Amino acid sequence: MSAVHRAAVLGHPIAHSLSPVLHRAAYTALGLDGWRYDAIDTTVEQLPGFLDGLDGTWAGLSLTMPLKVSVRDLVDHVEPLADVVGAINTVLVQPGPRLTLVGANTDVHGIVAALQEGGIRPGGRTVGRAVVLGGGATAASALAALAQLGQAEADVLVRSVARAGGMIRAAHRMGVSPRTAALGDPDAAVGRWVAADTVVSTLPPHAADPMAEALVRRGEPVSGVLLDCAYDPRVTALGAAWRSLGGTVVAGERMLLHQATEQVRLMTGRAAPVEAMAAALDGALGAAPAGPRSPDRGVHAVSDARTTQIDHLP
């Protein structure tokens, strides 16, 4: 009989999560018959007790907001990237005389990999002038990802400057220099980022719809790469508008996929079967054209109509 290894995604609510689809597909492709992955509804108040009840059968946990922040004081160690970003979306359970819990962040990996699919890589596009839309935990991860790709400066447009303190502090810890401004009027906001080379939107689903309308009204051609971390609907209004004006779009499902592949690698010690996981995600959400979306290419564009905010990834 195979040894039992457990993993799960925790959050509240958790019914929206596609992590079970991704991780179970990985276990099947890797032949890990003794592994199981569940979705467990867990509040901030319940989290300490849940962690205390873990045993040696557990390999790791995926976390959604608000657990990404509250777990920080409950683990034994925090990996440097998660520490500097200020958000933990992965807890690794390490065996020993006493279980050791390690907090990690795979969202940054997910954003880097997604942008690379849009052509931003050595020998390809450079990040150039970068803009991040939104000021939450995912925005902090986006700034870290942009820094990894060679750009330590970015304009950050937020809905509320007063609520962006955590992101700003994280940026300073990373040595990143954000130029923060309020989104405000959609037409004025679009004028501040329409010429960017790289745009990462971390706004909740549909929050960017007014800017999509403003883009269309403006009608100015764009040439940059947009990663819209929202994936509800499958092709967002912002992504559709950006593409219609000539830009390249990498949809948010690619971030979701790649942050999960890194979790699989960390939890199992095996290279993640990316294509098998991507196929399972497509199967769960319905067929979609494949490839980064540009005026003359397809798109990796997956949405989850049940998802309510970006920081609920995974």
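The values are calculated or read from the model by the stated rules, or taken from the named source; none is laboratory data. Quick caveat: nothing in here was measured; it's all calculated off a predicted structure. Every residue, glycine as well, gets a Cβ built from its backbone with ideal geometry; the counts of neighbours run over all protein chains shown.
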Would you tally the residues in region 8-21 being surrounded by 22 or more Cβ atoms within 10 Å (Cβ to Cβ), in a loop (DSSP other than H, G, I, E, B) and in contact with a strand residue (DSSP E or B) (Cβ under 6 Å, 6 or more places away or on another chain)?
-> 1
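Given the structure, is His5 surrounded by 14 or more Cβ atoms within 10 Å (Cβ to Cβ), in contact with a strand residue (DSSP E or B) (Cβ under 7 Å, 6 or more places away or on another chain) and more than 24 Å from Pro233 (Cα to Cα)? Outline the logic, then answer.
Values: surrounded by 14 or more Cβ atoms within 10 Å (Cβ to Cβ): yes; in contact with a strand residue (DSSP E or B) (Cβ under 7 Å, 6 or more places away or on another chain): yes; more than 24 Å from Pro233 (Cα to Cα): yes.
Here the answer is yes, as His5 does meet what is asked.
When you scan region 59-72, do you find a residue that is touching a helix residue (DSSP H, G or I) at 6+ places or on another chain (Cβ under 9 Å) and charged (D, E, K, R), even just one? Show your work before the answer.
Our first condition is that a residue be touching a helix residue (DSSP H, G or I) at 6+ places or on another chain (Cβ under 9 Å); within region 59-72, this holds for 59-72.
From what is left, the residues that are charged (D, E, K, R) are 68, 72.
Yes, the conditions are met somewhere in region 59-72.
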Restricting the search to region 159-215, which residues are in contact (Cβ under 8 Å) with a residue 40 or more places away in the chain, hydroxyl-bearing (Ser, Thr, Tyr) and closer than 20 Å to Met65 by Cβ?
-> Ser201, Thr202
So, of the residues in region 40-58 that are surrounded by fewer than 18 Cβ atoms within 10 Å (Cβ to Cβ) and closer than 20 Å to Leu266 by Cβ, which turns out to be nearest to the chain's Cα centre (by Cα)?
-> Ile40
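So is Leu215 surrounded by 15 or more Cβ atoms within 10 Å (Cβ to Cβ), among the hydrophobic types (A, V, I, L, M, F, W, C) and closer than 21 Å to Ala145 by Cβ or not? Steps first, answer last, please.
Details: surrounded by 15 or more Cβ atoms within 10 Å (Cβ to Cβ): yes; among the hydrophobic types (A, V, I, L, M, F, W, C): yes; closer than 21 Å to Ala145 by Cβ: no.
Criteria not met by Leu215.
Given the criterion crowded, with 24+ Cβ neighbours inside 10 Å and not assigned by TED's automatic domain parsing to the domain that holds Thr90, identify the matching residue among Gly135, Gly123, Gly150.
Result: Gly135 is the single residue among Gly135, Gly123, Gly150 that is crowded, with 24+ Cβ neighbours inside 10 Å and not assigned by TED's automatic domain parsing to the domain that holds Thr90.
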Only residues in region 105-118 that are farther than 24 Å from Val69 by Cβ count as the first member; pair them with residues that are among the basic types (Lys, Arg) and buried (at least 24 other Cβ atoms within 10 Å of the Cβ), Cβ under 7 angstrom, at least 6 apart or cross-chain, and list the lot.
-> Glu117/Arg254
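Taking region 232-291 as the region of interest, how many residues are under 16 Å from Leu30 (Cα atoms), free of Cβ contacts under 8 Å to residues at least 12 places away in the same chain and aliphatic (A, V, I, L, M)? Steps first, please.
Our first condition is that a residue be under 16 Å from Leu30 (Cα atoms); within region 232-291, this holds for 260-280.
Subset that is free of Cβ contacts under 8 Å to residues at least 12 places away in the same chain: 265, 269, 271, 275.
The next check asks that each one be aliphatic (A, V, I, L, M); those that pass are 271.
Of the residues in region 232-291, 1 are under 16 Å from Leu30 (Cα atoms), free of Cβ contacts under 8 Å to residues at least 12 places away in the same chain and aliphatic (A, V, I, L, M).
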Could you name every one of the strands (runs of 3 or more DSSP E) located completely within region 171-289 that has at least 2 residues being among the small types (Gly, Ala, Ser)?
-> 177-182
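Hey, among Ala230, Ala260, Ala251, which residue is buried (at least 24 other Cβ atoms within 10 Å of the Cβ) and under 18 Å from Arg125 (Cβ atoms)?
Details: Ala230 fails: under 18 Å from Arg125 (Cβ atoms); Ala260 fails: under 18 Å from Arg125 (Cβ atoms).
Going through Ala230, Ala260, Ala251 in turn, the sole match is Ala251.
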In region 81-119, residue surrounded by the fewest Cβ atoms within 10 Å (Cβ to Cβ) [restricted to those that are touching a His at 6+ places or on another chain (Cβ under 8 Å) and under 20 Å from Phe50 (Cα atoms)] = Thr100
Check Ile40 against each of (1) of a type in the set (A, V, I, L, M); (2) out of contact with any Asp or Glu (no Cβ under 9 Å at 6 or more places or on another chain); (3) outside any strand (DSSP E or B) and name the one condition it does not meet.
-> (3)
State yes or no: is Val235 crowded, with 18+ Cβ neighbours inside 10 Å and within 15 Å of Glu117 (Cβ to Cβ)?
-> no
Taking the residues in region 174-206 that are within 16 Å of Arg163 (Cα to Cα), surrounded by fewer than 22 Cβ atoms within 10 Å (Cβ to Cβ) and in contact with a Leu (Cβ under 9 Å, 6 or more places away or on another chain) as candidates, determine which candidate is modelled with the lowest pLDDT.
-> Gly184
